[in-house]
Every structure is written in structure tokens, then in C-alpha cells.
């Protein structure tokens with residue numbers, strides 16, 4: 001064998017080269033085995049079971065928010081047609097958005113002055129359309145669970161103006177074990193009441209525009 005300088009390779013040099021090649025083969029084998037073990041370990045490692053964050057924003061491919069999951073401190077303000085509005089309370093929950101980024105409903109959970117409140121709501125373009133709610137008083141003595149459906153406001157009104165004309169049309173609730181269904185006219189006046197009290201007394205009432213009962217059953221109740 002000849003060195004690059006042209007000198008003959010000695011027996012000692014040949015032995016050194018053989019040893020170096022042997023160590024290179026051992027190093028390559030150890031590296032390959034280590035990488036294989038790491039690969040198998042990563043493949044078998046369990047996926048993360050939990051994600052702990054304060055807020056998650058789900059957006060569409062163009063970056064428009066479609067769903068937000070948030071705690072009370074980071075809940076976004078209601079947004080309609082690019083304008084934000086204040087919230088009466090700041091709940092933790094989930095907010096739904098349309099393709100333009102307008103809020104169209106959500107799930108809210110909060111401890112408010114009136115007690116613990118949980119609500120699921122879906123909106124018209126400019127105001128609440130319907131909602132389901134549970135409420136428990138701070139002392140735990142009073143509770144309500146119900147469904148409410150509102151009238152639809154004119155589409156050209158913003159949310160503040162819409163709030164002045166929207167009326168509750170249908171309400172179904174259990175208020176401290178008194179079950180009730182209320183049907184209202186477009187002006188929000190109750191016209192039909194169906195009740196079953198907590199002691200089992202049933203009653204149907206029809207009311208006029210002034211709120212006077214014009215029909216009831218049982219008639220003597």
C-alpha cells in the first residue's frame with residue numbers, strides 16, 4: 001500500500017487501518033441499533049391525553065374564527081359585522097361563528113350574581129334566537145331549567161336596536177318544580193299558560209291582550 005505522499009505503508013500502519021475500520025463498523029452498528037430503538041420507542045409512545053391551555057381558537061383555511069373555547073378571563077366579546085359589543089357577564093365556554101366571523105351562538109358557564117348559570121344559545125343574525133338555560137341561586141334553594149324562543153328582529157337592526165324589539169314567544173321551564181309552558185303574542189304578552197304545580201295541580205289558561213284570563217281549565221281552579 002502507498003501513502004498519498006508516495007511512501008510505502010508499513011505493517012504497523014496496515015494494522016492501525018484495520019483497527020480503525022473495525023471501530024468504524026462497530027460505531028455504525030451501534031448507531032443504527034440506537035436509532036432503531038428510538039424509532040420504535042417513539043412509535044409505541046402513547047399520545048398526549050390532555051391539553052392545558054386558557055383558550056383555543058379554531059379557524060378556517062382563510063383564518064376566520066369558527067369556534068373558540070375559552071376560560072372566563074379570555075372569552076372574546078360578541079362580534080357582529082365587524083363590531084364588538086360588551087357582555088353582561090364573562091363566562092367560560094364555547095363560542096360559535098359563521099363564515100364571516102360573526103357570533104352565532106355558544107355554550108356559557110358562569111357564576112353570576114344571580115347564581116350558577118349554564119346556557120346553550122343559537123342566534124339570529126343580529127340577536128339571540130333560542131336558548132336553554134339552568135340557574136341555581138347562590139344559596140342553592142332556588143333553581144330553574146328552561147328553554148326560550150324569541151321573536152326575530154328586523155335584519156337591518158344592530159344588536160342594541162334589536163334588543164329593544166325582540167320578544168319572548170315561547171318559554172318552557174321547570175321553576176322550583178313548577179312546570180310551565182308559556183305562549184306569547186308578537187308583543188311578548190302571554191296568551192296561553194299550561195301549568196302543573198309542584199303539588200300536582202294542573203291548569204290551562206287563555207289570556208287576552210290585557211292579561212285577563214278568558215278561559216281556564218279546570219274552570220273552578
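Where a number appears in this text, it was derived from the coordinates with a stated rule and is not lab data. Fair warning: this is a prediction, and the values are worked out from it, not measured in the lab.
Taking the alpha-carbon set of the stretch 41-167, what are its Rg and Dmax in Å?
17.5, 63
Below 8 Å between Cα atoms, with a sequence gap of 6+, how large is the relative contact order for the stretch 62-221 in percent?
11
Sort out for me the Cα centre separation of the stretch 79-133 from the stretch 179-194, rounded to whole Å.
Their Cα centres are 24 Å away from one another.
Using 0.36 nm per residue, how much length does the chain from residue 178 to residue 133 gain when fully extended, once their Cα-Cα distance is taken away?
Once the chain is fully extended between residue 178 and residue 133, it gains 14.6 nm.
For the stretch 135-221, what is the relative contact order in percent, using Cα pairs closer than 8 Å and at least 6 residues apart in sequence?
Working: 155 pairs, mean separation 15.0, N = 87.
With pairs under 8 Å counted, the relative contact order is 17 percent.
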